[in-house]
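Please read the structure below before turning to the comments.
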Amino acid sequence: MKVLVTGGAGFIGSNFVRYLLKSRRDLELFNFDKLTYAGNPESLADVAQDPRYHFVRGDIADQQAVDQIFERGFNAIVHFAAETHVDRSIEDASPFLKTNILGTHGLLEAARRFPAMRFIHISTDEVYGSVPAGVSFTEEATLNPRSPYAASKASAEHLVTAYANTYGVPVVILRCTNNFGPFQFPEKLIPLMIANAREDKAVPIYGDGLQERDWLFVEDHCRAITLALDKAKPGSVYNVSSGVPQPNLKIVRTILQHLGKPESLMQYVQDRPGHDRRYALDSSKIRRELGWAPMVRFEEGLHRTTEWYQANAMWLDHTRSGEYRKYYDRHYTRRSETFRI
Ligand code: NAD
Ligand code: TYD
């Protein structure tokens with residue numbers, strides 16, 4: 001099997017590349033990644049020498065580069081590449097529109113010339129918008145994206161569906177909830193809290209901290225993607241979730257406990273504009289049709305994650321140098337100053 005992965009140097013992509021190389025012998029895998037601030041070849045250092053793995057640096061929004069890589073002929077593409085951080089999309093939506101919408105369009109254009117190529121599109125629960133208390137959305141719920149990031153991912157999904165309908169591209173869409181685990185860029189909640197708390201720095205809580213997310217350990221997501229690759233019928237859409245939404249405050253408190261740090265590190269800051277209060281998905285369809293179920297309990301996943309960041313301080317230091325510092329200072333200084341006023 002010859003698989004093209006886009007965005008394989010990012011958090012979920014790098015975990016997936018490693019997972020797929022480990023779980024099957026008969027595989028050739030190409031990782032096509034622009035290496036934005038979020039892409040890090042160090043995340044794949046352990047597989048870089050594997051003869052079945054090939055890295056190609058390129059931008060999915062560059063049609064010529066995309067056409068060129070497709071000429072190699074693939075059985076499937078797993079499309080992760082995206083701008084992914086909601087706060088950055090609020091600062092400037094343009095890179096999100098370019099990569100997430102136009103980039104996905106370019107891949108679909110190339111894919112429609114290869115009718116047998118399966119297209120696994122990695123979407124997100126954020127396309128549904130905020131979910132009322134006590135409810136979990138199924139795949140039938142209306143898409144109601146509420147941040148520029150979510151809107152760009154919903155647009156990408158509409159294009160994916162349109163290309164399936166119009167040109168018969170064999171697509172499968174996976175809408176997963178928040179992932180956590182090793183190699184996640186420390187702008188997202190869990191690695192940011194671990195990174196700051198390790199150094200006894202304040203951990204910033206947006207608003208009242210009672211927003212809920214339905215966290216899933218990244219390995220469980222990778223297994224769902226592999227099942228979709230092997231077994232999903234073209235045209236299918238699947239939610240992927242643990243089904244256990246939890247408030248941010250609980251997550252942060254658990255991290256502080258794991259690290260033996262005091263709760264006095266928690267600093268309430270200005271809330272995110274338009275902050276989605278709650279994400280919660282019903283994933284019974286993928287459990288029923290593909291036999292998927294999460295295998296890593298949240299507590300165990302969090303333990304593995306905190307241990308990983310402790311043991312990989314060098315990876316963390318590298319990702320937090322340069323661009324990250326500028327983003328952090330710009331974003332959090334403004335947030336806590338505004339809050340004090
Ligand atoms: P990430 O930000 O960690 O990594 C994104 C990767 O895409 C990076 O390696 C980056 O270099 C690459 N990239 C960005 N723009 C590119 C371009 N124009 N051309 C080629 N490569 C480009 O992202 P992640 O958290 O691993 O998310 C991967 C996918 O999963 C995204 O599509 C995201 O929307 C989706 N998703 C993420 C989560 C989550 O909790 N992280 C949950 C559900 C869905
Ligand atoms: P995040 O990891 O950015 O994922 P998303 O917003 O895409 O779900 O944020 C997860 C939750 O944590 C979200 O409710 C926002 C909140 N949050 C904080 O309270 N403080 C922070 O510094 C960050 C990055 C997020």
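The values are calculated or read from the model by the stated rules, or taken from the named source; none is laboratory data. Just so you know, these numbers come straight off a predicted model, no measurement behind them. Virtual Cβ from ideal backbone geometry, glycine too; neighbours counted across all protein chains shown. Calculation scope for accessible area: heavy atoms of the full protein, side chains included, ligands and nucleic acids excluded. Shrake-Rupley method; radii C 1.70, N 1.55, O 1.52, S 1.80 Å.
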Of those in the range 92-121 that are aliphatic (A, V, I, L, M) and open to solvent by 10 Å² or more (accessible area, probe 1.4 Å), the residue nearest to ligand 1 (Cβ to nearest atom) is 102
Just one listed residue, out of 324, 268, is in contact with a Phe, Trp or Tyr (Cβ under 8 Å, 6 or more places away or on another chain) and outside any helix (DSSP H, G or I), and it is 268
Note on the range 181-212: residues assigned to a loop (DSSP other than H, G, I, E, B) and farther than 21 Å from residue 15 by Cα are 199, 200, 201, 202, 207, 208, 209, 210, 211
Residue 301 meets each of (1) crowded, with 18+ Cβ neighbours inside 10 Å; (2) in contact with a helix residue (DSSP H, G or I) (Cβ under 6 Å, 6 or more places away or on another chain); (3) in a helix (DSSP H, G or I) with one exception, condition (2)
The condition from (1) more than 20 Å from residue 173 (Cα to Cα); (2) open to solvent by 20 Å² or more (accessible area, probe 1.4 Å); (3) within 16 Å of ligand 2 (Cβ to nearest atom) that residue 87 misses is numbered (2)
Heads up, the strands (runs of 3 or more DSSP E) in the range 1-115 (entirely inside) with at least 2 residues that are charged (D, E, K, R) are 28-33
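This table checks each residue for (1) at pLDDT 95 or above; (2) buried (at least 23 other Cβ atoms within 10 Å of the Cβ); (3) more than 16 Å from the chain's Cα centre (by Cα).
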{"position": "4", "(1), (2), (3)": "yes, yes, yes"}
{"position": "16", "(1), (2), (3)": "yes, yes, no"}
{"position": "37", "(1), (2), (3)": "yes, no, no"}
{"position": "40", "(1), (2), (3)": "yes, no, no"}
{"position": "47", "(1), (2), (3)": "yes, no, yes"}
{"position": "51", "(1), (2), (3)": "yes, no, yes"}
{"position": "55", "(1), (2), (3)": "yes, no, yes"}
{"position": "62", "(1), (2), (3)": "yes, no, yes"}
{"position": "68", "(1), (2), (3)": "yes, no, yes"}
Subset of the range 227-244, residues open to solvent by 10 Å² or more (accessible area, probe 1.4 Å) and more than 14 Å from ligand 1 (Cβ to nearest atom), comes to 227, 230, 231, 233, 234, 235, 236, 243, 244
Being within 11 Å of ligand 2 (Cβ to nearest atom), small (Gly, Ala, Ser), at pLDDT 95 or above and farther than 28 Å from residue 284 by Cβ narrows 197, 150, 202 down to just 202
Checked the range 152-162 for anything surrounded by fewer than 21 Cβ atoms within 10 Å (Cβ to Cβ) and in contact (Cβ under 8 Å) with a residue 40 or more places away in the chain; matches are 155, 159
